[in-house]
Amino acid sequence: SIPVAEALPLLPADMSFSHDMFVYLRSQLCTLDQDMRTKNVVRGLAAAEDLQARRQLSYLQSNSVVVSETRVCPDCLKRIGSGTAFVIVPSKRAKGHVVVHYSCWQRGQSVARATNGREASDVSTVSIEKISAGSDVESPAMPRVEIKWA
(Lines give C-alpha, C1' and ligand atoms only; values in the text may rest on other atoms or scores of the structure.)
Protein backbone atom coordinates (compact mmCIF):
# COMPACT_ATOMS: atom_id res chain seq x y z
CA SER A 1 0.00 0.00 0.00
CA ILE A 2 1.37 3.40 -1.02
CA PRO A 3 0.68 6.43 1.19
CA VAL A 4 -1.78 8.91 -0.35
CA ALA A 5 0.71 11.79 -0.22
CA GLU A 6 3.18 9.76 -2.32
CA ALA A 7 0.54 8.35 -4.71
CA LEU A 8 -1.08 11.65 -5.75
CA PRO A 9 1.95 13.07 -7.61
CA LEU A 10 2.17 9.80 -9.59
CA LEU A 11 -1.38 10.13 -10.97
CA PRO A 12 -1.91 11.77 -14.37
CA ALA A 13 -3.10 15.39 -14.23
CA ASP A 14 -6.11 14.75 -16.50
CA MET A 15 -7.39 11.78 -14.48
CA SER A 16 -10.97 12.11 -13.26
CA PHE A 17 -12.03 10.91 -9.82
CA SER A 18 -15.35 9.48 -8.73
CA HIS A 19 -17.13 11.23 -5.89
CA ASP A 20 -16.25 8.39 -3.49
CA MET A 21 -12.57 8.55 -4.48
CA PHE A 22 -12.58 12.33 -4.04
CA VAL A 23 -14.12 12.01 -0.54
CA TYR A 24 -11.57 9.34 0.42
CA LEU A 25 -8.57 11.35 -0.83
CA ARG A 26 -9.84 14.50 0.87
CA SER A 27 -10.24 12.71 4.22
CA GLN A 28 -6.76 11.19 3.91
CA LEU A 29 -5.18 14.55 3.10
CA CYS A 30 -7.00 16.20 6.01
CA THR A 31 -5.68 13.47 8.31
CA LEU A 32 -2.14 14.04 7.03
CA ASP A 33 -2.55 17.79 7.51
CA GLN A 34 -3.81 17.28 11.07
CA ASP A 35 -0.89 14.94 11.84
CA MET A 36 1.57 17.52 10.54
CA ARG A 37 -0.03 20.29 12.63
CA THR A 38 0.04 18.08 15.73
CA LYS A 39 3.73 17.33 15.18
CA ASN A 40 4.46 21.05 14.78
CA VAL A 41 2.64 21.84 18.05
CA VAL A 42 4.53 19.08 19.88
CA ARG A 43 7.81 20.35 18.40
CA GLY A 44 6.98 23.90 19.53
CA LEU A 45 6.10 22.74 23.04
CA ALA A 46 9.33 20.75 23.28
CA ALA A 47 11.33 23.80 22.15
CA ALA A 48 9.58 25.99 24.74
CA GLU A 49 10.24 23.42 27.48
CA ASP A 50 13.90 23.22 26.44
CA LEU A 51 14.23 27.01 26.55
CA GLN A 52 12.61 27.14 29.99
CA ALA A 53 14.97 24.43 31.30
CA ARG A 54 18.01 26.25 29.85
CA ARG A 55 16.94 29.51 31.51
CA GLN A 56 16.43 27.80 34.86
CA LEU A 57 19.81 26.06 34.57
CA SER A 58 21.48 29.36 33.69
CA TYR A 59 19.87 31.05 36.69
CA LEU A 60 20.88 28.28 39.07
CA GLN A 61 24.44 28.19 37.73
CA SER A 62 24.79 31.96 38.08
CA ASN A 63 24.45 31.55 41.84
CA SER A 64 27.41 29.84 43.40
CA VAL A 65 28.46 28.67 46.83
CA VAL A 66 32.17 28.67 47.58
CA VAL A 67 33.37 25.97 49.94
CA SER A 68 36.90 26.69 51.09
CA GLU A 69 39.04 25.38 53.93
CA THR A 70 37.85 28.30 56.10
CA ARG A 71 34.13 27.51 55.65
CA VAL A 72 32.44 26.79 59.00
CA CYS A 73 29.21 24.86 59.57
CA PRO A 74 26.66 27.25 61.15
CA ASP A 75 25.14 24.42 63.25
CA CYS A 76 28.20 22.90 64.96
CA LEU A 77 30.69 25.73 64.26
CA LYS A 78 33.26 23.21 63.04
CA ARG A 79 35.25 23.59 59.83
CA ILE A 80 33.91 21.84 56.72
CA GLY A 81 37.07 20.03 55.70
CA SER A 82 38.35 17.91 52.87
CA GLY A 83 36.54 14.56 52.66
CA THR A 84 33.51 15.92 54.54
CA ALA A 85 29.97 15.26 53.35
CA PHE A 86 27.95 18.47 53.22
CA VAL A 87 24.49 19.73 52.30
CA ILE A 88 23.51 22.99 50.62
CA VAL A 89 20.12 24.30 51.78
CA PRO A 90 18.21 27.53 51.14
CA SER A 91 18.60 29.98 54.01
CA LYS A 92 15.69 31.81 55.66
CA ARG A 93 17.92 34.34 57.40
CA ALA A 94 20.70 34.91 54.88
CA LYS A 95 19.96 35.55 51.24
CA GLY A 96 21.12 32.55 49.23
CA HIS A 97 22.19 29.16 50.54
CA VAL A 98 23.89 27.74 53.62
CA VAL A 99 26.44 24.93 53.65
CA VAL A 100 26.19 22.57 56.64
CA HIS A 101 27.65 19.18 57.50
CA TYR A 102 25.43 16.32 56.37
CA SER A 103 25.26 14.95 59.91
CA CYS A 104 24.20 18.37 61.27
CA TRP A 105 21.50 18.64 58.62
CA GLN A 106 20.32 15.10 59.36
CA ARG A 107 20.15 15.89 63.09
CA GLY A 108 18.08 19.00 62.32
CA GLN A 109 15.71 16.97 60.17
CA SER A 110 15.13 14.42 62.97
CA VAL A 111 14.38 17.27 65.41
CA ALA A 112 11.93 18.75 62.90
CA ARG A 113 10.16 15.39 62.51
CA ALA A 114 9.97 14.93 66.29
CA THR A 115 8.35 18.37 66.72
CA ASN A 116 5.91 17.84 63.81
CA GLY A 117 7.81 20.19 61.53
CA ARG A 118 7.60 23.31 63.74
CA GLU A 119 11.38 23.75 63.49
CA ALA A 120 11.75 22.45 59.96
CA SER A 121 13.93 24.58 57.76
CA ASP A 122 12.85 25.74 54.33
CA VAL A 123 14.59 22.90 52.51
CA SER A 124 13.10 22.57 49.06
CA THR A 125 16.04 20.80 47.46
CA VAL A 126 19.01 19.15 49.08
CA SER A 127 22.32 18.45 47.39
CA ILE A 128 24.54 15.97 49.17
CA GLU A 129 28.04 15.85 47.79
CA LYS A 130 31.26 14.23 48.95
CA ILE A 131 34.09 16.75 48.76
CA SER A 132 37.17 15.69 46.90
CA ALA A 133 40.20 17.94 46.88
CA GLY A 134 40.42 20.41 44.00
CA SER A 135 37.15 19.50 42.24
CA ASP A 136 34.09 21.43 41.12
CA VAL A 137 30.77 19.82 42.04
CA GLU A 138 27.60 20.80 40.20
CA SER A 139 24.00 19.83 40.89
CA PRO A 140 21.24 20.97 38.51
CA ALA A 141 18.86 21.71 41.41
CA MET A 142 21.31 23.79 43.44
CA PRO A 143 23.87 26.51 42.79
CA ARG A 144 27.31 25.68 41.45
CA VAL A 145 29.74 24.67 44.18
CA GLU A 146 33.32 25.86 43.97
CA ILE A 147 35.65 23.88 46.22
CA LYS A 148 39.00 25.47 47.01
CA TRP A 149 41.49 23.68 49.24
CA ALA A 150 44.92 25.08 49.85
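Brief remarks on what is shown
- Long-range neighbours under 6 Å by Cβ, at least six apart or interchain, first residue over 20 Å from residue 80 (Cβ atoms) within the stretch 96-123, second modelled with pLDDT under 85 and surrounded by 16 or more Cβ atoms within 10 Å (Cβ to Cβ): 122/90
Residue-by-condition table, conditions (1) modelled with pLDDT of 90 or more; (2) part of a loop (DSSP other than H, G, I, E, B):
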position: 1; (1), (2): no, yes
position: 50; (1), (2): yes, no
position: 58; (1), (2): no, no
position: 94; (1), (2): no, yes
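- Residues located in the stretch 74-92, provided they are modelled with pLDDT of 90 or more and either open to solvent by less than 10 Å² (accessible area, probe 1.4 Å) or among the charged types (D, E, K, R) (or both): 78
- Of note, residue 42 satisfies the criterion of being under 30 Å from residue 3 (Cβ atoms), under 23 Å from the mean Cα position of the chain (by Cα) and open to solvent by 50 Å² or more (accessible area, probe 1.4 Å).
- Residue list for the stretch 3-29, restricted to those being open to solvent by 80 Å² or more (accessible area, probe 1.4 Å) and assigned to a helix (DSSP H, G or I): 6, 9, 10, 19, 20, 21, 22, 24, 26
- Check on residue 72, of a type in the set (A, V, I, L, M), touching a residue at least 40 places away in the same chain (Cβ under 8 Å) and closer than 30 Å to residue 106 by Cα: no
The values are calculated or read from the model by the stated rules, or taken from the named source; none is laboratory data. All figures in this text were calculated on a predicted structure; none of them were measured in a lab. Glycine gets a Cβ as well: all are built from the backbone with ideal geometry, and neighbour counts include every protein chain shown. Calculation scope for accessible area: heavy atoms of the full protein, side chains included, ligands and nucleic acids excluded. Shrake-Rupley method; radii C 1.70, N 1.55, O 1.52, S 1.80 Å.
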